[in-house]
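The values are calculated or read from the model by the stated rules, or taken from the named source; none is laboratory data. Computed from a predicted model, the values in this text were never measured in an experiment. Quick reminder, even Gly has a Cβ in these numbers, built from the backbone with ideal geometry, and neighbours come from all protein chains shown.
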Amino acid sequence: MIFREQDLALWEVAKAHLNVRNNDEHTQFSYYLAKELCRFYPSSDLEIVLPAIIFHDTGWSKIPKEKLFDAFGPNNKYPELTRQHEIESVTIAQEALPKLGFSSKQITDIVALIDGHDTTKNCRSLNDAIHKDADKLWRYTPHGNKIIGEWFGIPPSEVLKILEGFVLPTFLTEEGKRLATMMLEIAQINNQL
């Protein structure tokens, strides 16, 4: 099972908002990767990072469908919508989390990770670094490689060049960068076969 028992109720609420842009699939990979990064960094807080990952992209469901695929990526035509999805994700989380038993302090910490997860580049805490790295690591999975290629209509070799040249330098944790490098090298070997 991907989700911890205590996170299943969060997933049930969030997944109603994750039915665009492959976000339901992306979120499951990012959740798994966040768990692994938290395990590597024991001073991180799973109880903040994992709920934030579950809700971080729910706001894409509020972005106009006709602009959705032009509001992210290397040729982002609507950076204001990238920011808007973060704001919408915060709102969705703020509405859902109290009903799911989270304290005010926990909610504040969770939404702090959601807010700015794509539009701020520096980390504000270890939890923030893990959250951002887990979100990016999905791109390095075979699933992420395939979806990115489909979104932008580019071959696997182009996807790998983007991941190596533009995304890899943005990792904030050493373990995140190590995992990304390993997955990238495996994908490059696979692409050459």
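So is Glu25 under 15 Å from the mean Cα position of the chain (by Cα), under 15 Å from Lys132 (Cα atoms) and of a type in the set (Asp, Glu) or not?
On the way: under 15 Å from the mean Cα position of the chain (by Cα): yes; under 15 Å from Lys132 (Cα atoms): no; of a type in the set (Asp, Glu): yes.
So Glu25 fails the test.
Confirm whether Lys15 is surrounded by fewer than 17 Cβ atoms within 10 Å (Cβ to Cβ) and touching a Phe, Trp or Tyr at 6+ places or on another chain (Cβ under 6 Å). Break it down into steps so the answer makes sense when it comes.
Details: surrounded by fewer than 17 Cβ atoms within 10 Å (Cβ to Cβ): yes; touching a Phe, Trp or Tyr at 6+ places or on another chain (Cβ under 6 Å): no.
The answer is no for Lys15.
Could you identify the single residue in Leu97, Leu179 that is touching a residue at least 24 places away in the same chain (Cβ under 8 Å), more than 16 Å from the chain's Cα centre (by Cα) and crowded, with 20+ Cβ neighbours inside 10 Å?
So the residue among Leu97, Leu179 that is touching a residue at least 24 places away in the same chain (Cβ under 8 Å), more than 16 Å from the chain's Cα centre (by Cα) and crowded, with 20+ Cβ neighbours inside 10 Å is Leu97.
Against the definition (crowded, with 16+ Cβ neighbours inside 10 Å and either of a type outside the set (S, T, N, Q) or farther than 20 Å from Phe3 by Cβ (or both)), how does Asp118 come out, yes or no?
In short, yes.
Can you tell me which residues in the range 48-95 are closer than 30 Å to Cys38 by Cα, in contact with a helix residue (DSSP H, G or I) (Cβ under 8 Å, 6 or more places away or on another chain) and among the hydroxyl-bearing types (Ser, Thr, Tyr)?
Across the range 48-95, the qualifying residues are Thr58, Ser61, Ser89, Thr91.
Just name the residue that is surrounded by the fewest Cβ atoms within 10 Å (Cβ to Cβ) out of those in the range 21-75 that are aromatic (Phe, Trp, Tyr) and at pLDDT 95 or above.
The residue in question is Phe40.
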